[in-house]
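Structure first, then comments.
The values are calculated or read from the model by the stated rules, or taken from the named source; none is laboratory data. Computed from a prediction, not measured in an experiment: that's the story for all the values here. Here Cβ is always computed from backbone atoms with ideal geometry, including for glycine, and neighbour counts include all displayed protein chains.
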Amino acid sequence: MLLAIDTSAGTDVAVVSDQGRVIGEFREPSSRHHAEVIGAAISTALEAAGLTAAEITDVVCGMGPGPFTGLRVGVAAARTFAFARGLPLHPMPSHDAIAHEWRHAHPASTGPLLVTTDARRRELAMSHYPAGSVLADGGFELIAPDAVPDADARADARQVSAAHLALAWLARQEQGVPADADEILYLRAPDAKPGAVPKRVTA
């Protein structure tokens, strides 16, 4: 059983079976109060699934891109849960969940896909997924909304589905795609100034 956690936008927690069946979820769209919500979110998802923490075998964690404060709450919760129970932790780019959800809803569209999320400061975080790939090409970049390139397929998301995060990880497993580094993808370094080039920050 997989426990998936993402706080790159709202707070999203899901319990998914190894066969890809979503059996418990908690969704809070607000991008605030992650720390106050995360504990109840995990408990509610487990209760909805009819499971205890002892029945979870793997933890899937959304690593962003996302803002520093909210994102680290979910990552810390996922790491703590995995460490406390001696479980493997599978870090995943949050945009992978959006790409998986969009492709699931549009099975006939098999070409390239652009994924965007709100990066604040009048910018979007954008990832490009080549045709047939579960991996973004080159990670994410910050871009002005009017500078997003034309695309036949584009997914603009306000929240990340933890359920689809787990399903995206299962898809990686099926295709033999290696795991990402356990590295948080902050939108900007905590001390960055507006206009700075985004970079990956090791937690």
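At-a-glance table
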quantity	calculated
Pair list, Cβ under 6 Å, 6 or more apart: region 174-190 residue farther than 27 Å from Gln19 by Cα and modelled with pLDDT under 90, other residue surrounded by 14 or more Cβ atoms within 10 Å (Cβ to Cβ) and among the aromatic types (Phe, Trp, Tyr)	Pro190/Phe68
Test: residue in region 153-171 that is modelled with pLDDT under 85 and either assigned to a strand (DSSP E or B) or touching a helix residue (DSSP H, G or I) at 6+ places or on another chain (Cβ under 7 Å) (or both)	no
Condition broken by Arg122, with the remaining ones in (1) among the charged types (D, E, K, R); (2) touching a helix residue (DSSP H, G or I) at 6+ places or on another chain (Cβ under 9 Å); (3) in contact (Cβ under 8 Å) with a residue 24 or more places away in the chain; (4) exposed (fewer than 13 other Cβ atoms within 10 Å of the Cβ) satisfied	(3)
The listed residue being surrounded by fewer than 17 Cβ atoms within 10 Å (Cβ to Cβ) and within 30 Å of Thr57 (Cβ to Cβ), out of Gln159, Gln173	Gln173
Filter result for the condition that a residue is at negative phi, touching a Lys or Arg at 6+ places or on another chain (Cβ under 7 Å) and modelled with pLDDT under 95, over Ala9, Ala35	Ala9
Spans of helices (runs of 4 or more DSSP H) in region 1-117 with at least 3 residues under 15 Å from the mean Cα position of the chain (by Cα) and buried (at least 24 other Cβ atoms within 10 Å of the Cβ)	68-85, 94-105
Unmet requirement for Val148, which otherwise passes all of (1) of a type outside the set (Lys, Arg); (2) in contact (Cβ under 8 Å) with a residue 24 or more places away in the chain; (3) buried (at least 22 other Cβ atoms within 10 Å of the Cβ)	(3)
Subset tally (residues that are in contact (Cβ under 8 Å) with a residue 24 or more places away in the chain, hydroxyl-bearing (Ser, Thr, Tyr) and in contact with a helix residue (DSSP H, G or I) (Cβ under 9 Å, 6 or more places away or on another chain)) for region 1-56	4
Sole residue being modelled with pLDDT under 95, in contact with a His (Cβ under 9 Å, 6 or more places away or on another chain) and at positive phi, chosen from Gly64, Gly138	Gly138
